Amino acid sequence: MCREDAFRLADKMKKITVAEILESMGVSVTPFAVHNGDICSIYKLKMRLGKPGRYLKNSDITVTDCQHILEVVFLRELEDAIQNHLVLLSRISGIKNFMPDSRPNASSETDEDVPESRSHETENDDDTDDEGRAEDLGLDAQKQKQQATDEMDYEDGSEEEQNEGASLAGLESENDMSEDENGTIENNVIGSDNEKDDIFHGSPNAEDGSKLKSREGNTRAEPKRKKMRGKFIRKETDRAIFSATKGLVFEVHFKFVNEPHILLAQIAEKTAKKVYIQSFGKIDQCRVTDCSENQVFYYGEDPKQRKSPSGKANIPALHTAGVDFSAFWKMEGHLDVRYLYSNNIHAMLNTYGVEAARETIISEISNVFTSYGIGVNIRHLTLIADFMTHSGRYRPMSRLGSIAECISPFSKMSFETASKFIVDAAKHGLVDNLETPSSRICLGLPVKMGTGSFGLMQKVEI
């Protein structure tokens, strides 16, 4: 792989958000308007994106790709962000708006639904009261409430990731989208007239690869692509009444009825940082380097010989921010995956095993001392690495790791947070047999090793 190929791969691996290619954004507000018989306020958001080729020379992003992301992914995320912001404002102001039940009314419904809804409102009232009490009690109560809701937050986060992945994957499904010339919403679908496009988040297949090759040639004509349009699914809380994309200009209008004023530009900027135009697994950034760097391992064609080849400075390598081994494994045809390395010890442990994690610890500690010009014998580093990985897992050398597992209270006190360990020892009635070096030094006793490991027995005649 030559250096030009390395730069081409690096550009394709970089994660690009809408905010990075955003040139301008403007918001105008019509305070009083009438739409469908409702007196409302109209917020008009207009965004202009820069040409994708201006930021990454070797990227495959096209104008139609940007249009598709704005019309489907960005608009969906912006609608959700606006709804979440209004819910937050209602909580701050003490106003709670209960959304009407969206379930269809059936003739078989009974009066049992009424107590359920009342119990649901009661639970919400209790939650609000708890939040108020937590604010009155201060930071400790808030911490306790946060610990109680950690599990719920993690589940919500995983659901958001799943929903985001589902929405991105859903863009590759083959769906038709209809929209009039002005870009209005019809049948809950946003799109443009008779446009054919495919989204680039999914993995390219053989057909797409042939099209990319034809694009690299001298032919300027855009090949006809198979229509791969994603469907914009509206929700009851959506407020968009107009959406249109012309070139790299995106405009959308939102309708607000009896709702507080919001900073739409600020919400749109935050949303633009979360929507990706291009992404490559969990890789955030990627740059080109060479094999002479300290964190790059390269031993030529045969890694078992562990011989450093000559001219390593002329051999290109890729340095990424973010760890995703599976994404690199899929690029076996372009990269030598035998030399994949990460300074994330936990990732190396889960992927390649405990021996790889041990070698990673030795290498990273050695690089830290080398950068300061300090030479450390390798036996000291191997002793540390063996201690941190002897149990088959990664155990840190800190008061939360190996020190916390020590049975000697005085040894814990000599490391960090002595008062905490004293309180714990007194609370649980711990006993120290004074067998460890640190505990004996704390009490002024000789250490039981070396000359202090034995006693002198002298025969006394009486």
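The values are calculated or read from the model by the stated rules, or taken from the named source; none is laboratory data. If you're wondering where the values come from, they're calculated on a predicted model, not measured in any experiment. Note that we place each Cβ from the backbone using ideal geometry, even for glycine, and neighbour counts take in every protein chain shown.
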Using the structure shown, decide if MET388 is closer than 21 Å to GLY322 by Cα and surrounded by 12 or more Cβ atoms within 10 Å (Cβ to Cβ). no
May I ask you to list pairs of residues, at least six apart or on different chains, whose Cβ atoms are under 6 Å apart, with the first in the range 439-460 being assigned by TED's automatic domain parsing to the domain that holds PRO409 and the second being surrounded by 10 or more Cβ atoms within 10 Å (Cβ to Cβ) and β-branched (Val, Ile, Thr)? ARG440/VAL447
VAL34 - would you say it is crowded, with 16+ Cβ neighbours inside 10 Å and of a type in the set (Val, Ile, Thr)? no
Assuming ILE315 fulfils every condition listed in (1) modelled with pLDDT under 90; (2) closer than 30 Å to THR30 by Cα apart from one, which condition is it? (2)
From the option list SER308, SER342, SER371, single residue qualifying as of a type in the set (Ser, Thr, Tyr) and surrounded by 13 or more Cβ atoms within 10 Å (Cβ to Cβ) is SER342
Of all residues in the range 72-104 being of a type outside the set (A, V, I, L, M, F, W, C), at pLDDT below 90 and assigned to a helix (DSSP H, G or I), the one that is surrounded by the most Cβ atoms within 10 Å (Cβ to Cβ): SER90
Hey, which of the helices (runs of 4 or more DSSP H) in the range 305-416, taking only ones fully inside, have at least 1 residues that are of a type outside the set (Gly, Ala, Ser) and within 30 Å of SER279 (Cα to Cα)? 325-329, 345-352, 354-371
Filter the strands (runs of 3 or more DSSP E) completely within the range 229-295 down to those with at least 2 residues that are over 30 Å from VAL368 (Cβ atoms). 240-246, 249-256, 276-278
